[in-house]
Amino acid sequence: MSGTTPDPPHPAAEPPDRLLARCEVRFSRRSGPGGQNRNKVETAAILTHRPTGLSAEANERRSQGENRAVALMRLRVNLALEIRRPTDRESGPSPLWRSRLKGGRILVSPRHDDFPALLAEALDELQDADADVKRAADRLGCSASQLVKLLKLEPRALKRVNDRRDELGLRPLL
């Protein structure tokens, strides 16, 4: 397929500024602990990804900027969970995935900026492999246990994979 433009990155893998440009950003007040600043100033951030309609919100911090950053990370995880894309079996794992794979281990914290993109890639592979963790892990260059460990960092991802495995009559991942 020479001469074609490469597929755009998964929305969860987009640079934060580009993803934010595709979002409606609203601020509002929320009640609860945090003192007068929280109750009188619109510090809660609500982001809605215009192309998909997915949204995320954060209101636990005292500043708009901090809440916007937390909401953006939550939105990226939501995008990773909801948006599936076909995998490219010829090129193998993404450069990001390969950079995070050390000795068959996936090195990433769920709070790191790379986490949503890695989660999206793992879920895409699992979808293409019909929830066969061993087959998806082989394609990604890691062990099945490492892939399950990554899924466990986001319990909603593990639940989605287990729901799919249940539909297919496969044992749940523990």
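Of all residues being over 26 Å from Phe27 (Cβ atoms) and not hydroxyl-bearing (Ser, Thr, Tyr) in the stretch 76-94, which is farthest from the chain's Cα centre (by Cα)? Just the residue, please.
Just the residues of the stretch 76-94 that are over 26 Å from Phe27 (Cβ atoms), to begin with: 84-94.
Right, trim to not hydroxyl-bearing (Ser, Thr, Tyr) and you get 84-86, 88-90, 92-93.
Values: Arg84: 11, Arg85: 13, Pro86: 16, Asp88: 19, Arg89: 21, Glu90: 23, Gly92: 19, Pro93: 16 Å.
For the stretch 76-94, the residue satisfying everything is Glu90.
Selection over the stretch 84-104 of residues that are among the charged types (D, E, K, R) and assigned to a loop (DSSP other than H, G, I, E, B) gives a count of 5.
The rows are residues; the columns are (1) within 18 Å of His10 (Cα to Cα); (2) among the hydrophobic types (A, V, I, L, M, F, W, C); (3) touching a Phe, Trp or Tyr at 6+ places or on another chain (Cβ under 9 Å); (4) modelled with pLDDT under 95.
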| residue | (1), (2), (3), (4) |
| --- | --- |
| Leu54 | yes, yes, no, no |
| Arg85 | yes, no, no, yes |
| Gly92 | yes, no, no, yes |
| Ile106 | no, yes, yes, yes |
| Leu123 | yes, yes, no, no |
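Ile106 meets all of the listed conditions (1) hydrophobic (A, V, I, L, M, F, W, C); (2) surrounded by fewer than 20 Cβ atoms within 10 Å (Cβ to Cβ); (3) over 22 Å from Leu170 (Cα atoms) but one, namely (2).
Conditions (1) surrounded by 12 or more Cβ atoms within 10 Å (Cβ to Cβ); (2) at pLDDT 95 or above; (3) hydroxyl-bearing (Ser, Thr, Tyr), marked per residue:
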position: Ser28; (1), (2), (3): no, no, yes
position: Gly32; (1), (2), (3): no, no, no
position: Gly35; (1), (2), (3): no, no, no
position: Ala44; (1), (2), (3): yes, no, no
position: His49; (1), (2), (3): yes, yes, no
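Mind listing whichever residues of the stretch 53-83 are assigned to a loop (DSSP other than H, G, I, E, B) and out of contact with any Leu (no Cβ under 7 Å at 6 or more places or on another chain)? Quick ask: steps written out before the conclusion?
Taking the stretch 53-83 as the starting set, the residues that turn out to be assigned to a loop (DSSP other than H, G, I, E, B) are 53-54, 59-63, 83.
Within the stretch 53-83, Gly53, Asn59, Glu60, Arg61, Arg62, Ser63, Ile83 meet the criteria.
Out of the residues in the stretch 58-75 that are of a type in the set (Lys, Arg) and modelled with pLDDT under 90, state the one that is nearest to the chain's Cα centre (by Cα). Filtering the stretch 58-75 for residues that are of a type in the set (Lys, Arg) and modelled with pLDDT under 90, the one nearest to the chain's Cα centre (by Cα) comes out as Arg61.
The values are calculated or read from the model by the stated rules, or taken from the named source; none is laboratory data. Since we're looking at a predicted model, the values are computed, not measured. FYI the Cβ positions are ideal-geometry reconstructions off the backbone, even for glycines, and counts take in every protein chain you see.
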